[in-house]
Every structure is written in structure tokens, then in C-alpha cells.
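Worksheet: the structure to be examined is printed underneath.
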Protein chains: 2
Amino acid sequence: MPSTSIVTRLIKRCAGETDSGDEENRACATRGSQQCFYYFLLGAFSRTSLAFATLQQAFMTTPSPGTLEVDFAFLDGADIVPYTAARTGAITEEPTNVALNVSNEREDAPSSTENHVGCRNRWYDSLPSYRGRGIFSAFAHCTPRGSLRYLLRLVCFLTLLGVTAALFIFIVDLSVHGLEKLRNLISSVTGGALGYVLYVLTGVTLCLLSTFWCAVLSKEAEGSGLPQMKSILSGFYDRMKKSLELRVLFAKSLGLVCAIGGGLPVGWEGPNVHISCIIAHQFYRIHFFRDLCTDRALRLQTLAAACAVGLASSFGAPLGGVLYSIETIASFYLVQAFWKGILSALSGAIVYELLYTTPLVEAFEGTSFDPSDVSRTQILLYAALGASMGALGALFIRCVRSIYELRMKHYPGSSRYILVGGVAFLAAAVQYPFRLFALDPRAAINDLFKAVPLHMTDHFGWAELILLPLAKFVLVALSIGLPLPAGVFVPSFLIGAGFGRLYGELMRIIFGDVIIPGSYAVVGAAAFTAGVTRAISCAVIIFEVTGQIRHLVPVLISVLLAVIVGNAFNRSLYETLVLMKHLPYMPILRRDRTPEMTAQDIMHRIESEPHFCPDADPSHIKSVLDKFPSRLVFPVVDSNGFLLGAVSRRVIVSRLHGVLRDSAESTVEQNVFVLLDVADLSENIEGLVDETPSGEHSSKGKVPANLQESSASIVLPCDVSPIIVTSYSLVRQLHFLFVMLMPSMIYVTEQGKLIGTIEREDVVYGCRETNDIS
Amino acid sequence: MPSTSIVTRLIKRCAGETDSGDEENRACATRGSQQCFYYFLLGAFSRTSLAFATLQQAFMTTPSPGTLEVDFAFLDGADIVPYTAARTGAITEEPTNVALNVSNEREDAPSSTENHVGCRNRWYDSLPSYRGRGIFSAFAHCTPRGSLRYLLRLVCFLTLLGVTAALFIFIVDLSVHGLEKLRNLISSVTGGALGYVLYVLTGVTLCLLSTFWCAVLSKEAEGSGLPQMKSILSGFYDRMKKSLELRVLFAKSLGLVCAIGGGLPVGWEGPNVHISCIIAHQFYRIHFFRDLCTDRALRLQTLAAACAVGLASSFGAPLGGVLYSIETIASFYLVQAFWKGILSALSGAIVYELLYTTPLVEAFEGTSFDPSDVSRTQILLYAALGASMGALGALFIRCVRSIYELRMKHYPGSSRYILVGGVAFLAAAVQYPFRLFALDPRAAINDLFKAVPLHMTDHFGWAELILLPLAKFVLVALSIGLPLPAGVFVPSFLIGAGFGRLYGELMRIIFGDVIIPGSYAVVGAAAFTAGVTRAISCAVIIFEVTGQIRHLVPVLISVLLAVIVGNAFNRSLYETLVLMKHLPYMPILRRDRTPEMTAQDIMHRIESEPHFCPDADPSHIKSVLDKFPSRLVFPVVDSNGFLLGAVSRRVIVSRLHGVLRDSAESTVEQNVFVLLDVADLSENIEGLVDETPSGEHSSKGKVPANLQESSASIVLPCDVSPIIVTSYSLVRQLHFLFVMLMPSMIYVTEQGKLIGTIEREDVVYGCRETNDIS
């Protein structure tokens, strides 16, 4: 294989050359269909002349003439812009005549993803700026390209996302109201026992319909949705992508409408977050936004913004939505994502404000407490409320978990329809005699938050005030784990407001009229929700929902106490749901790993693992791909065992296609891996839009069936700087690397030789497939 | 050197052993003063028995008898707890008689830092939990030890920090008011021209005194303080530690009192942030909190919390303070730091509320706009205001920079006293005839925010409204770069409020009484401040300051627009100050680096760089330390050039002391580096409390003078998994690693051999020493 060494030498020589001049065109990729294919992407175009010279030299050393096909990828200034232009020049026997027509025509819309795999922007491309001052320089922090057009596209994307999601969420809410009114109408027209029966019957039917949609369309639509988003944003986009498909959107929205319309006391903010994320993901399909979706970092940031939109559009709380999404979803947060979240959430919140002032649906009302209400001596009372709400929140999580475990233990095979039917029957049977339970939670919360005495509220007396939170507590705990879309924020809000108002009324009896029970309802709502979700930003949401910020100190104190007390007992509900559903989740270590184990203890020794040599032939590669269908990245080692780099399944699959296309022209059997200075290939860059899937779901389909017949050459660009550790590295170091850098694989070397590989699955919790929870 | 290979073999064998049983004692460190010293820290104590056996075997192979000194470090469950116990056992010629008295007595208060260097918790120890459920399990996320006592200490620390900083800030504010009153009293008593002269004279004197304090006590106290905190929290704690010394606190507070008292229109929130951080840093000295300060991650988190306290105590805005500190200081934010910031800031804000309701000082007043004021059609007007405030903010930054550059260019050697005296004279000369300019900014802002018409405000007419923002704009731009403590937030707030009110009044003339000019002042204040600082959380601060959140949408829209428009022109003021002062700052790339350069282009080849072999002798080590006084970490390579690990200057210096102490007993000349599975040693673990300094400032002092006479052995534990890259790695990859993982050095290897090193300084901007800006 003389060509390998030539190209390696070439690359080395080029890489050794420092930067100078020729700012416009900074990198090129050439690919020949000569005796072997050359493909390289160099960091700086100033090296290109040298590269060309060496290429010519390489051709001089190869005996037979042929054609040289060249693909160019230019780097625009400091940012990678995957321009491509294919040019063909005939290689004559006189190599100095090689015609290399360099073109910097820009293909704005990438014609095929295949051309761009080598140029995808890495996760860290969107880290802080590499630019000085100048137009939109600070947005170069946020946008890998730093151009005005790119920024405008991003702003369009974020605004449109906010508006669309808010509209969609409004329509869902409207449908829920329609169903509720219809049910009430039917039962009230008939009245009496028949009305009762009809009310229960319609409720049960709708709930069964809800779980039916999930069963038929997509089981990914079950549950809150936030745990899945947690998993995706912690770095498991590739594995969890199926939760973002269009059919999940239908299942989630139809299921949500039927579930809430059917009277189950579940919330809509978690499903709304899921719906927003699906909408964002579907936007990537739009041609205009294609550029945005190739950047992995930006993709994660836009998904985080979508989460914020989901929350903001549920409550009209843009700030709270963004903060809540930061707290519940990430373990670390890039500050540059903040403005993106705010922009999207604000768009959503404006739409919310416009729509929810219409009398079509219920909306949260602002409170009107007198600012002087909060005397400092009451702070202790608020703090006690906060602490007890934290304990209650922990108890709630414990109940949800116990109910789920009980069901899994005693009725593992029980039908989803029996489960849902049973709970729906219970809910409807309770709601008909006590119409308060059937009330929209927003109306009940508005009533509880009122500053007026209890007897002047619309719906509440002492009996209702005691019954409502207790009954809701039980019903919500039963409903959360059901196999249908079910959020938990709004029910928690209601339960907390109920308990808080009750506490306030009791305090009023003890301490007299200085106590305004409504303010305790506000604090209780925030604190119980914080106790369940462990998010301090529940406080911000309540400020935005009530429109009053004068209770800042008592609300913050009780929320903080609720979080601390809750954490003393167990994990947050969302983390518990992640554990219950066995979702992959970076921040949690695998159960059989301890932080003090070493890489050596957990690595897969390279002997038993798939790896390629530079001279592997396509049929071997295909057999390895087939043997390890879930493997995303493969190491490349030379004959002495030295690690040369890593090559991704996605690249292999797309190259194999290329080989097939070229095989008509070329019949040479040699195969060359060339080490390339390529951006992220070892990390889990994935097919983003559904028509170019990859990984475990589609790899077998993508590897051409007639590959074995083809004996053409294949060239695989590989990442020369994958993440390397020594065999003494501790698991906590590895875990840290996985959390912060999100690679899909880490390589263990000893004196440069690859001795083992460690996948995310070897360190991180829950990398099994999602279980069906019914 | 047979001993090297023995110990290496030993370590390898131990590391290969998997975990089992013996949970209580999980690691041991042994050190012998035999012919060679053995020192190792293993991950799991189950390996200890094996380690002991192999140690005995090692002794069997070494001919001469001696004593074996053993230090033990136990790992407690999943968390590293640096227990130590020194035991000495006599080694006879019969090695099976080695007495190894394992003790798990706990030394709660580390008696000397030297014993613990190997056990310091790494930055990522406080990443997400390695624990299951159980008491305070979720706080195991946040606290490396996860114990209740540790948590209580942390809560104490954070609360005390909030309270102390708020009190300190209040006293500073009180002193400022005292000085202002005194000056007014003096000038009003005399009156006329003499009063004018006295007013100007006292003003100039006080300002000169302010810069005098900075010159005498510490030049680190000059400027806002936020840029220094940016630098520290981006990962340059070791280089910038001198900004956190006690004398800086005195310089900063005295200087601040004199500067504002002397009538300079500078703000106090930046200095307050600096003051809070110094207080936090000084708290580390307290014995009770010692444990907390050994954890680098926690240190950064508590410093971030201190920043939040500084802001929260300046405005009584806990939420805004935390968010503002996130936005202006970090490039990424660990979510677990959020509750710490909130807790501290809330403590500070409660103290603020209690103190600022006293009539001793001015405070921000809540606004009382009618919620229905904001009609939707006005949103366009608000947006236009936001955009123009963004442009004005950018202009302001440009002015500050130009003034500074002009001064540097034309008067580089000009005395600080002339500069300060000149600006102080100008300020005082303007303030005496226009007493509005001498008004406390909070009083002026309260007036501008009022919902009443202009003629009903206390201080403003049309002339004042036009003059005030323009004059302040010029004066503040002049004052910011002066060599005395000077914040920018409050002056920006005032300028923005002035421009906003002016805009509002103009709109009122055009559109009539539907416009409430006061609300435009609120929006203008938030937008101009956002245009200067590029922080969206200015919106949150204004909600908390005014106590009204109903203007949520217009405020957020205009703030967002201000940030976007401002970013179109230049960097934020704080980043500009970082650049102007040449502070080291991770997120900015060095000017002569492009993201596409490779590691090979920028690395220092190992031939010219300091590195140690395992058999280096103390005198050689000392000479290398002296030759490279600013180097924090040194690589260890074997005779074939393979990278074995890295050893920190701190460890070397402390070991050299150990050698001196032992040298009485031992006179053997051999020296062994043993590769150890030690927590963070390669990263910039630094002397935290001032009595154990390290690095460039003190290394020469610390290396014992009589070292050269001493020929004793030295054992240096080294980190076996430093960060390694290949020579093809791009600068943007390196930059990413530096930003996210904050190492002080990265190693470039080729097939396992060390070929070069890359320091932070080679990639990151501004690693020169801080320049004196006067």
C-alpha cells in the first residue's frame, strides 16, 4: 500500500505548514478515482498549493493514468462553511498537466448530506467567538457562521417555533374545552342517574381513546415528555430521535385532548414541551432551515428553546419557561443559548397573551394582593409551609413510584385499557357529584389565589378546601404513570394551592385577619410544585402567572426550602420517571459502576471489539457493520496496533454508496483509509432529518445489498483526534468527559496503542431501549 | 532503576484488579524512606492487600533494610475523603515482617495541606450524583461528600456570605451618603463662590484620595471588578487570585466610598461584586469552612454565588442578581450552582430589605403603574426604544474604549492623580450649579419612573430631562476608565431611564395621554443597561427593583432588541474591559491563533520544554523549577519518550519540603517518580489560602534554599491521565477543551510519545500580567 504512506506523508507535511495569506479559500477536499481515492480536508487553504504539489507528486509515483475527481470544501474565514463543488480534471501521464479547477461557487442548499458529513460543525463550534469586532461579531458566539443571513434564519426559526407551538398548544387547549363542555352538556340534558352514567361513560371512552392513540400511533407519546427531553438534551439525541417523529406529535396531541377532555386530572405542560420539541424537529425538514440543523450544538440549543416555548406557551411565562427548562433539563447550560430560549419563549408568550384574553378558554388571572400584606413576621409561617410542601412533594413522588412498581410487580401484563378505564371511571365517578373536581384547574387556582375570604370565593367552602387537594393528590398520583400523555406541573400547582390555602385559612383562625390566606395559596402552589419538580424557577413562573412580584422573598424562601427538604428524601419526579422508564440519561452513572473503577475495569478489550485497519476491504467493512448494528463509531488502528483515528458508521454507509456509484468507472481493488483532519466524526453525528436515517435503525437497509459483488475501492475520512484516556483513568473522569463533551465512544490507549474502547453505555445509566410502561 | 519498573508493575497489577468487598477502607497511600520511596494512592482498597503483598515483594528484591513510612488515604464510600494517618513500621531484613498498621482514624481537620494534595476533589467531583436515593442524595449532586454535615457547612457558608456581604455593602453605602451630606453641608454653610470652590475642592480631594488608596493598597481594586471575576470564573483562579486578597477589599471599599462620595458618577454594583467575592475568599480562611475550599468546583460555584450576592445586595434583586451573574460571568453554567446562588443572594436580599427600609440611605421605590397601561399597539414604540438604546449602549462602549485608547496613546505616562483630578473637577464643577447631577442616582431614577406627568415630578423639567442623560453619558464614559473603583450598572440605569423618559414625553406629545412616559423610562433603563452589559437579565432586575412584572412583554422585547442591536456593533462592556486591561479570559482566542491551526502549529516542542524523567534528582528538579517560574505542571516521560503522566509544581514544592525533613534519616541518592492514580494534579490546583501560596509568586521562596546540599530522595505522585491530543487536533478543539475542562496544560502525543505541550497561554487571550491602566 504505497499510496497510504504517500497520503499520510502529505497530510503530515501539510499539517506542519503554518498559516499564511489566502484567507478566502482555506481548505479543500480532493477525491480521486485513480488507483486509490484521495480525500482530504485540510485546516488551511494556504496548505492547498502544497497539497496539490504533493498530490501531483503522488500521481507521478503511481504508474497508470486515470481521472481525478475533486471535491472542494472551503472554509469561510474563521467558520467552516461546507461549500462544495465537484470538478473533474483528466489526469494524463504527464502529471504536471493535472487540471484542478478550483471553484468557490457556493452551494447554499446542500444537495446531499453526503457531501457535508466531513464539514459538520462540531458541538463546540458554537462556543465563544473566534472573531474580533465587526458586524454581528457577538452573534458569532452563537452562530457558527456569524453571518447576518444565518442569524436572520435563526431568528426566523426561533420566532416561528414560538408562534407555531403556541398556536398548536392553544388549539389543543380549545379542543379540550370543547370536549369538556360537550360532556357536561350531554349529562346535564339527560340529568339524574342517566346523566351520571353518561358522564362516566363519555369520560371512560375518551380516556380509552387517548391510550388507544398512543398504542396505535406511537408509544413514545405516553407520559410527560419532559423525561425524554432530559435524555435527549443530556446527549442521547441519536437514541431518542424516534420520540421526535411526526406521528408522536399526533399521538401526543390527540391523546392529550382525549385524556384531559375525558376528565383525568393530568397536566398539559409536559406534553406541551414534547409537542414544541417535535415541532422544532419537524422544522428542520424545511429547506430554508436545513443549514441550521447540521450543527449539532445549535440543534441542542434550539431543542432547549423549544422546551422553554412549551412551558411559556402553557402559562404565558417566558422567563419562567426558560429558567424552568434550564433547571429541569440540563446539567450544564451554555449561556449563549439563553437569548435563543428567551426569543422563542417570548414569541410564544405574546401569542399566548393575544389568544388567552379571548373568552374561549380559561386563563390564569393576575392576583391583586396589597403589597403591604407581607409582614416580616409571617416569613416563618411561609417557611414552614415551604418545608412541609417539600416533604409532601417527596411523598407524592414516592407514591407515583410505588404505584408504578406495584403495578409492574403484580400486573405486569395487564392491558393498558383496563388500567386506563379503571382510573378514568374513578375520576369520572368522583367528579360528577363533586363538580369542583371537574373544574378547569386554572379556574380553581384563580379562585384559591383570591385575596377575599373563603366564603366569598366562587367554588370553595371548608369541605371543598379539605377534600380537593387530598382527592387530587390520590387521583394525580394514579394518573401520572398511565400509558397516555400526562403532565404533572398544573396538577401540582392545584394541589399546592389547595394545601396552601387550607394552611392559610388555619393560620387565619389562629392569628386573625392579618393573615391573607390567598397569599399562602400562592406560596403553597409554588412550593409544592418545587417539591415535586425540584426547580427553583417555579417561583419565577408564579410571579409571571400572578403578575405580582411583591411576594418575592416569601415565595423564594419557601421554594428553596421545599427543594432542600424534597432532596433530602428522593430525586425529582422527572429523574424518577427517567429511572422508571429506563431512559438513557448522562448524569446518572450505571448502577454497577463506582466512580473509583478504572477504565481498565470497564473497557471492552480491542481484541473482541470491531475495528478497522487502513487496508480493510468493503466486504469486511460491511460484515462488521452487520455484526455490530448498534455501533456508531469504529476505531482505525494500524498494523502495529497504534490508534490512527475513528470513523463513524454514518460516513461508512454514505461512502459505500459512493463506491457503488463509482464502481462503473473504476474496478481497482485497493482500499485506503486516509487520516483526515475532519471535524466531528467520532462523536455521535447523526442523520438529522428522517429521510437520512442512520445508526441502528437503518444501517442494514442503507448498506447496499449488492456490495459484496462490488470490489471497488472505498475511502473513509476519519477523525484523527478522538477522545483518548489511559487505562488508569477513573470512571468519574470518564463520566465527566461523557457529560461535558458528549462523545459516543472514548478510546483507551497504552503508549499509543489502542487497548480498549468505552461506550456511553458502559458508563451511563439506562441505555437499554425504552420499555413500554403499560 | 529497577524500583521504577517494580512499582509500575505493581500499580498495573493493582489497577487490573476489580472491585470487591472491604468498602470501609478503599485506598491507601504508602511512602517508604527505604532505598527508594514508594507512594501510591489506589482507587480501591480491595487492591490494598495485593498492593501490600507486592510491596513486600518489592522490598524483597531491594537489598538493604530500612524504615517504611506509610501514609494512608481512605476513600469513604463513593466519595473521596482525605483521611490520613501516618504509621511507621520497621522493615527488617525479613520482609514478611513488615508491620503495616492500617488505621482508619479520621482526621477531620486536615493538619497540613501537604497530606491532602493527592486527594483534592476534582472539578468534576461535584457533577451529578454518583449516589442512589437516601438522605440528602440529591445534594450529593452538589456536595462531593454528600453528607449532612457537609451540606450544613455549605448552607452556613452561603447564608453567612450573603448576610456579611450585604452588611458590608450597606456600610459602604452609608459612608457614601455621609460624605455627600458633609460636602453639601460645607458648601451650603459658606454659600456663594466660596461654597462653589469648597464643593469642588472637597470633591477633587476625595477622588484623589480614592485613587490614592488604590495606588497604595492594591491596583487590583481599580475598575469595575466584574472583568476580573469573569477572568477568574473562566478558569484563571490561579493567575488572578491576587485580586481576592484582603488589602484589595480595603482599597476597593475605601476607594469606592471616596469616589462616589467625591461626586464621580460611577456605580457600585461592580465593586460590590468584587467585594463579595473577596469576602467569600476570605471566608475560606475560617477553620470551619476549610473543607469547602479544597474543592475546586465548589470554589468556583461559591465565587459565582458571591457575584450574585454582590448584585442582589446592591438592588435587593436576588433572582436578577443570580441571572445577571450567570449571563455576564460564565460561558457555561452548572445547573447545580443555581440553588447556591439563590440561597446566598436571597440572604443578601433579605438583609437589604431590612436595612433599606430605614431612612438612612436612598433606596429604589416600587412603581405603581396601572396594569392596563400597556396597550398592545405601544409594543412597536417600546421595540423602537429598545433598538435605539442598544445602539446607544454600543456607542457608549465605543466611547469608553476610545477615551481609554486616546489616553494610552497620547498620555501613556500621565499621572493617575492628574487624570482623576481633572475628571473630578469637571464633575464637581457641573454638579454645583445643576444640583440634579449631584442627586443620588436612585432618587433620580425613582423620579423618572413615576407615572405622574413631568411637571409633577420632584426634580425634572424639560431642560433637566434633556441635559441629564447627555451630561451623564459623557461624564460616566470619562469616569469608567479611571484608576479607581467604578461600576457601570447604576449609571447606565440612570442614563437609560433619562433617555427613556425623554422618549416617552416626546411620544406623549405625538400620541397624547395614552402614553405613560414613566413606563418608557422603565423600559429605557432596562434596555440601555442591556445594551451596555448585553445581559437579558437586566429585565429581571428591573422587575425586582420596580416590584412590577406587568410590563413583562415590552421590557423583554426591548431588552432583547437592545442586546441584538448592541451585539451588531461590538462586544459587551465587560468583555471590552477584559480586552482593554489584557486580563486572561478563556472564551476569547489569542489574536494570532485561528481556529483552523493545528496543535502542531502552536505547541512547544518537548525538546525545548521542561520535563522530568522518573529518575530526575532534586537538584535538577529545583533548577527546572527556577528556570520556569510560571509553569504550573510538568510532564513526566520515560527514557523512550512515552508520556507517563504529569506532576504539578505545587506537589513538587511540598515534596521538596518533605525530603528535607526526611533527609536527616535517609541519605540515599536515588529518586523515583511513581505513577499514581491521583485525582487532579495536572490541572491548576492551587494554594487556596494565602498561607500556602504556590505558582509563580512564591515558588522560589518555597523551594528550600538548602536543597542543593540535600541529596535526599524525592517522590512525586503524578497524574496518569492528563489531557492528551494528537498533533492534528485543531485549535478550536483545544480551545473547547480549555474552556470546558479548564486544564492548565494539554499534551500532544504521537503514538504515545510526548512531542509537545500546549499551555492555556498558547491558545487563550490575554495571559500577560495585568497592566496598570493609569
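To keep it simple, each residue is scored yes or no on (1) among the β-branched types (Val, Ile, Thr); (2) in contact with a Phe, Trp or Tyr (Cβ under 7 Å, 6 or more places away or on another chain).
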position	(1), (2)
A:Met389	no, yes
A:Ala394	no, yes
A:Cys399	no, no
A:Ile418	yes, no
A:Pro433	no, no
A:Leu454	no, yes
A:Leu465	no, no
A:Leu470	no, no
field: Test: residue in region A:623-644 that is under 30 Å from A:Ile403 (Cα atoms) and open to solvent by 30 Å² or more (accessible area, probe 1.4 Å)
entry: no
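Among the residues of region B:521-529, is any part of a strand (DSSP E or B) and at negative phi? Walk me through how you get there before you give the answer.
At the first step, the residues of region B:521-529 found to be part of a strand (DSSP E or B) are none.
No, region B:521-529 has no match at all.
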message: Quick check on region B:502-513. Is at least one of its residues acidic (Asp, Glu) and open to solvent by 10 Å² or more (accessible area, probe 1.4 Å)?
response: yes
field: Test for B:Val637: is it in contact (Cβ under 8 Å) with a residue 24 or more places away in the chain and outside the structural domain of B:Tyr747 (by the TED database)
entry: no
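When you scan region B:604-622, how many residues do you find that are assigned to a helix (DSSP H, G or I) and open to solvent by less than 60 Å² (accessible area, probe 1.4 Å)? Please lay out each step first, then the result.
Going residue by residue through region B:604-622, those that are assigned to a helix (DSSP H, G or I) are B:606-608, B:618-622.
From what is left, the residues that are open to solvent by less than 60 Å² (accessible area, probe 1.4 Å) are B:606, B:618-619, B:621-622.
Number satisfying all stated conditions: 5.
Against the definition (of a type in the set (A, V, I, L, M), over 17 Å from B:Cys207 (Cβ atoms) and under 10 Å from the mean Cα position of the chain (by Cα)), how does B:Leu244 come out, yes or no? First the steps, then the outcome.
On the way: of a type in the set (A, V, I, L, M): yes; over 17 Å from B:Cys207 (Cβ atoms): yes; under 10 Å from the mean Cα position of the chain (by Cα): yes.
Yes.
Looking for whichever is at pLDDT 90 or above and not assigned by the TED database to the domain that holds A:Val763 here; the options are A:Leu206, A:Leu185, A:Leu233, A:Leu194. Which one fits? Write out each step before concluding.
Details: A:Leu185 fails: at pLDDT 90 or above; A:Leu233 fails: at pLDDT 90 or above; A:Leu194 fails: at pLDDT 90 or above.
After ruling out the rest, the residue left standing is A:Leu206.
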query: Does region B:559-570 contain any residue that is open to solvent by less than 10 Å² (accessible area, probe 1.4 Å), of a type in the set (S, T, N, Q) and within 12 Å of chain A (Cβ to nearest Cβ)?
result: no
statement: Scanning region B:319-335 for residues that are touching a Ser or Thr at 6+ places or on another chain (Cβ under 6 Å) and under 24 Å from A:Arg550 (Cβ atoms) gives B:Gly320, B:Leu323, B:Tyr324
- prompt: Of everything in region A:200-255 that's of a type in the set (Ser, Thr, Tyr) and farther than 23 Å from A:Pro629 by Cβ, which residue is most open to solvent (accessible area, probe 1.4 Å)?
  reply: A:Thr205
message: Name the residue that is most open to solvent (accessible area, probe 1.4 Å), counting only residues in region A:316-341 that are in contact with a Gly (Cβ under 9 Å, 6 or more places away or on another chain) and facing chain B (nearest Cβ under 7 Å).
response: A:Ile326
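Run down B:Ser276, B:Ser313 and say which single residue is part of a helix (DSSP H, G or I) and either surrounded by fewer than 24 Cβ atoms within 10 Å (Cβ to Cβ) or over 13 Å from the mean Cα position of the chain (by Cα) (or both). Break it down into steps so the answer makes sense when it comes.
Working: B:Ser276 fails: either surrounded by fewer than 24 Cβ atoms within 10 Å (Cβ to Cβ) or over 13 Å from the mean Cα position of the chain (by Cα) (or both).
The conditions single out B:Ser313.
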- prompt: If B:Leu583 passes every condition in (1) open to solvent by less than 20 Å² (accessible area, probe 1.4 Å); (2) touching a Gly at 6+ places or on another chain (Cβ under 7 Å); (3) under 16 Å from B:Val647 (Cβ atoms) but one, which one does it miss?
  reply: (3)
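Residue check: is A:Ile602 within 12 Å of chain B (Cβ to nearest Cβ), under 30 Å from the mean Cα position of the chain (by Cα) and over 30 Å from A:Phe489 (Cβ atoms)?
yes
In region B:571-598, which residues are of a type in the set (Asp, Glu) and more than 9 Å from chain A (Cβ to nearest Cβ)?
Correct list: B:Asp592 only.
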task: Would you mind telling me which numbered condition in (1) surrounded by 22 or more Cβ atoms within 10 Å (Cβ to Cβ); (2) more than 30 Å from A:Val361 (Cα to Cα) A:Arg290 fails?
output: (1)
task: Please go through region B:540-555 and pick out each residue that is facing chain A (nearest Cβ under 9 Å), in contact with a Leu (Cβ under 9 Å, 6 or more places away or on another chain) and in contact (Cβ under 8 Å) with a residue 40 or more places away in the chain.
output: B:Val540, B:Phe543, B:Glu544, B:Gly547, B:Val553
query: Is one or more of the residues making up region A:407-424 outside the structural domain of A:Ala251 (by the TED database), open to solvent by 50 Å² or more (accessible area, probe 1.4 Å), under 35 Å from the mean Cα position of the chain (by Cα) and of a type in the set (D, E, K, R)?
result: yes
task: May I ask you to say which residue of B:Ala394, B:Ala363, B:Ala384 is surrounded by fewer than 15 Cβ atoms within 10 Å (Cβ to Cβ) and of a type outside the set (Ser, Thr, Tyr)?
output: B:Ala384
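The values are calculated or read from the model by the stated rules, or taken from the named source; none is laboratory data. Computed from a predicted structure; not experimentally measured. Using ideal geometry, Cβ is built from the backbone for each residue, glycine included, and neighbour counts are taken over all protein chains shown. The area values use the complete protein model at the heavy-atom level, side chains included, leaving out ligands, DNA and RNA. Shrake-Rupley method; radii C 1.70, N 1.55, O 1.52, S 1.80 Å.
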